[in-house]
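The values are calculated or read from the model by the stated rules, or taken from the named source; none is laboratory data. Worth saying up front: this structure is predicted, and the values here are computed from it rather than measured. Note that we place each Cβ from the backbone using ideal geometry, even for glycine, and neighbour counts take in every protein chain shown. Accessible surface is based on the protein model in full, side chains and every heavy atom, while ligands, DNA and RNA are left aside. Shrake-Rupley method; radii C 1.70, N 1.55, O 1.52, S 1.80 Å.
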Amino acid sequence: MFFLPKDLDDYIVNHSQDEPQILKDLTRETHLKVLQPIMLSGAYQGRVLSMISHLRAPKRVLEIGTFTGYSAICLMEGMPSGSELVTIDINEELEDFAGRYFSRFRESINPKITVHQKIGDATQIIPQLEGTFDLVFIDADKPNYVTYLQQVMEKVNSGSLIISDNVLWHGKVVEEVLPKDISTPVLLEYNRLLKEDPRLQTVLLSVRDGLTLSRVL
């Protein structure tokens, strides 16, 4: 999704850090073997996620929506040794795919990060997770975004960061909602809740399909 003219968007990408080889390989294999590769975070958004993670240096990260592992690896880049990533996805067919790249990251870049892949309904898994998280990345099925927010608010502390993807939803958030559209109304409510929740400091960034940063107060 491009909200800027493509030549300007290309300029922005070309003047940002290049993605590492492991992510280039992951992207290529995803496009060759997996349906809907558009679900990848992509090089530019990935560099944004990596930068945020480096700035925050989170010890515990929760990701809702693994897909093939691209965004998780971007977040892992900024995680210190001894940290832990929990990533959840509904699709068990992609577990081994993502797991191979997580293993490669640990073998070649930082062996002291623990990765827990969980397969199943995130709304059932999140309440069972122990402890709190320094950073949460929400990038899964849109109809459950409000539920995810409610659940993760029980798993964060002051200073934790919640990152939400696809909050502009291909521009549909400013268009007339179609009768059969079940995702856009939820995202409209979700964006309102992030803005109005007194427990959060929120800014919505026009990065790709919309990326919101919410700091827990």
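Starting from the Cα coordinates of the range 132-213, work out the convex hull volume and express it per residue in Å³.
87
Over the range 30-136, with every protein chain in place, what whole percent of the accessible area is carbon and sulfur at 1.4 Å, could you tell me? Show your work: numbers first, answer last.
Values: 2540 of 4970 Å².
The nonpolar share, carbon plus sulfur, comes to 51 percent.
In whole angstrom, how long is each semi-axis of the equivalent ellipsoid of the chain, when you take the square root of 5 times every eigenvalue of its Cα gyration tensor and sort them from largest down?
24, 22, 18
Within the range 153-217, report the trypsin sites (Lys or Arg not before Pro) that DSSP leaves as loop and that have at most 16 other Cβ atoms within 10 Å.
Of the trypsin sites (Lys or Arg not before Pro), the ones in loops of the range 153-217 whose Cβ has at most 16 other Cβ atoms within 10 Å are K180, R199.
In whole Hz and in residue order, list the ³J(HN,Hα) couplings for the range 57-68 that follow from phi through the Karplus curve 6.51 cos²θ - 1.76 cosθ + 1.60, θ = phi - 60°; x for Gly and Pro.
3J(HN,Hα) across the range 57-68, in whole Hz: 6, x, 8, 9, 10, 10, 10, 10, x, 7, 6, 9.
Given H placed on each backbone N at 1.01 Å, which residues far from L168 in sequence or on other chains put an amide H within less than 5 Å of it?
Amide H to amide H, under 5 Å and 5 or more residues apart or across chains, L168 pairs with G210.
Name the residues whose placed amide hydrogens come within less than 5 Å of the amide hydrogen of S160, ignoring near sequence neighbours (fewer than 5 apart) on the same chain.
Under 5 Å from the amide H of S160: V216.
In square angstrom, what is the accessible area per residue of the chain with a 1.4 angstrom probe? Before the final figure, lay out the partial values.
Numbers: 11110 Å² over 217 residues.
Using a 1.4 Å probe on heavy atoms only, each residue of the chain averages 51 Å².
Distance between the C-alpha centers of the range 122-163 and the range 1-71? Whole Å please.
Computed from Cα coordinates, the inter-centre distance equals 21 Å.
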